[in-house]
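Take a look at the structure below.
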Amino acid sequence: MINHRIAARSGKRFGAGGLSAQGFRRPLKWSTIFPTVFRRPLDAKGCLKLPETISIRRINVKFSTKAETLQAQQAGAQLFVCTEAAQLNHPTVLALLSSLEEGQNFTDTKIPTDNGLQAIAVARLEKTDRVALNKAAAEAAKWAQNQETVNVDVHAFEEAQAAAVAEAFAIAFGNAAYRFDRYKKEAKPAKFSQAVFHTAYEAAVKEALRVAEAQVYGQSLCRDLGNAAPNECTPEFLARTAKAEAEKLGAHAKIIEKDYIRENMGSFWSVAKGSVEDPYLVELSYFGATDKEAAPVVLVGKGITFDTGGISLKPGLNMDEMKFDMCGAATVISTFCAAVKLQLPINLVAVVATCENMPSGAANKPGDVVKSMKGLTIEVLNTDAEGRLILCDALTYAGQFKPKAVIDVATLTGACIIALGHDVSGVMGNNQDLVDSLLAASRNVDDKAWQLPLFETYKDQLKSNFADIPNIGTPGAGTITAATFLSYFTEDYPWAHLDIAGTAWKSGSEKGATGRPVPLLLNYLRHL
């Protein structure tokens, strides 16, 4: 990924310096991801000793329902969700509601009881769309993290809205409870462990909570993979973790190793050969539709587990964040697993291409010409535009499934951050119905996305004197020309591209993977 996030901070477009091919890593074996407690010794070389097993830790949060109205003497913290005071008759809650100023959604207090102080809160929804729900739920989730058990009263809502409220609040509670402390000496888990939703519509709310649990699971897995250190989350680690997690859920998994990639996927191999770490192609499959032969949806993910930029070396400042360059792969793996967990009635395939992009004597050089799996030759003008070089072969590989639709997900261009910022993913594609479905899903869950054009005229920016196409275009519209490059390899099926360079992780004090766009993709799959 040509990373404008790094370039903007450093004041340089491309960096230079004495970083060797081995300067970014300590060779480690793949291991477990997200263990319950991380207390591991170092070996003689100072490397972490990692066991050869995989164990995904589930966030220890439980969601359940009760048909009864929330009672004052109910043990645990109490949260009342409503749109107006007339829906409630609890005196303390009514007093809290009256204290809310215009624009405020949430407030809380503590009252004395026979068992000590009891936490009581109210969330007032001025609107009931997903944006308003998520905003109120996020505020409530911060409060909930200081409680062990939270009883949530949603009796103020009819069936469909009660389910929507429960889903949004459960997702917010679960995501707020996420911690990534596996490398720290002392773990600090969230206090919150349980939410009980009180409703007159138990069946609908239970189904909503089932969806919420799957999404929280998917986002947590995605965040785990993204947050893992690059000396642990190597291509092999990513491949084996994906296989183990998919098989644990009953799906089929296949790992294709470097010999096949070297012989058949020349563009992918050109990136991978610069690293001492072997590349892998991961294929996960699940056939949940009544017709097992029906065309599947195929998700394709970019899995660059560390991106130095290669010979077109990135600047050193914030290069640590290039461990997040595999968040497209993490999204695809996690969405696939969440869909399988929900037992969706669809046929689904996930394809992940994973390797490192490193500078070495074997690495791609600017000016190299490589041959893709499709047969098109590519002039490598910039080795930091490597994501499209591995994706083009993965997209060609996806064609063998005769797919209903193909959606690729990648932290592909820093230009997407310049165009859309850090809150909105870019969407492009060759099929407007598919793009519209993804945009509808983004609105359904408030996982923001925006369509950018893919006019034929953008192909004029991809001309090479020495190959069929170059791997970067002329200046301008960098996100679009990257997608235009991919469009040469997706002509045989409906295809959409999600550029998540701005949304896959956060920087600064909240640095870490976000788990996006798992919500968008899972909602899309649920509504097929």
Residues that are touching a Lys or Arg at 6+ places or on another chain (Cβ under 9 Å) and either loosely packed, with under 11 Cβ neighbours inside 10 Å or not in a strand (DSSP E or B) (or both), drawn from segment 97-115: LEU97, LEU100, GLN104, ASN105
Enumerated helices (runs of 4 or more DSSP H) restricted to segment 218-317, each holding at least 1 residues that are within 23 Å of THR396 (Cα to Cα) and of a type in the set (Lys, Arg): 235-248, 258-264
Failed condition for VAL370, given (1) surrounded by 24 or more Cβ atoms within 10 Å (Cβ to Cβ); (2) touching a helix residue (DSSP H, G or I) at 6+ places or on another chain (Cβ under 7 Å); (3) over 22 Å from ALA513 (Cα atoms): (1)
Criterion (of a type in the set (A, V, I, L, M), within 28 Å of ILE311 (Cα to Cα), in contact with an Asp or Glu (Cβ under 8 Å, 6 or more places away or on another chain) and touching a residue at least 60 places away in the same chain (Cβ under 8 Å)) met by exactly one of VAL409, VAL349, VAL369: VAL369
Any hit, segment 428-445, residues being acidic (Asp, Glu) and within 24 Å of ALA513 (Cβ to Cβ): no
For ASP320: the one exception among (1) in contact with a Leu (Cβ under 6 Å, 6 or more places away or on another chain); (2) free of Cβ contacts under 8 Å to residues at least 12 places away in the same chain: (1)
Unique match (being closer than 20 Å to MET326 by Cα and surrounded by fewer than 24 Cβ atoms within 10 Å (Cβ to Cβ)) among GLU186, GLU207, GLU247, GLU236: GLU236
Scan of segment 306-352 for residues that are surrounded by 24 or more Cβ atoms within 10 Å (Cβ to Cβ), touching a helix residue (DSSP H, G or I) at 6+ places or on another chain (Cβ under 7 Å) and within 20 Å of GLY502 (Cβ to Cβ), ordered by number: PHE306, ASP307, LYS314, PHE324, MET326, CYS327, ALA329, ALA330, THR331, SER334, THR335
Cβ-Cβ under 6 Å pairs, at least 6 apart or on other chains, segment 416-427 side over 17 Å from LYS506 (Cβ atoms), far side of a type in the set (D, E, K, R) and part of a strand (DSSP E or B): GLY426/ASP499
Inter-residue pairs, beta-carbon under 8 Å, first at negative phi and in segment 464-480, second modelled with pLDDT under 95 and not in a loop (DSSP other than H, G, I, E, B), 6+ apart: ILE472/ILE2; GLY478/ILE2
Unique residue being closer than 30 Å to LYS511 by Cβ, in contact (Cβ under 8 Å) with a residue 40 or more places away in the chain and touching a Lys or Arg at 6+ places or on another chain (Cβ under 8 Å) when the list is ALA144, ALA140, ALA212, ALA136: ALA136
Test: residue in segment 368-387 that is part of a helix (DSSP H, G or I) and either more than 17 Å from ASP499 (Cα to Cα) or polar (S, T, N, Q) (or both): no
1 or more residues basic (Lys, Arg) and within 25 Å of SER334 (Cα to Cα): qualifying helices (runs of 4 or more DSSP H) within segment 410-528: 432-445, 518-526
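The values are calculated or read from the model by the stated rules, or taken from the named source; none is laboratory data. Every value quoted in this text rests on a predicted model; they were computed, and no experiment measured them. We place every Cβ from the backbone using ideal geometry, glycine too, and count neighbours over all the protein chains shown.
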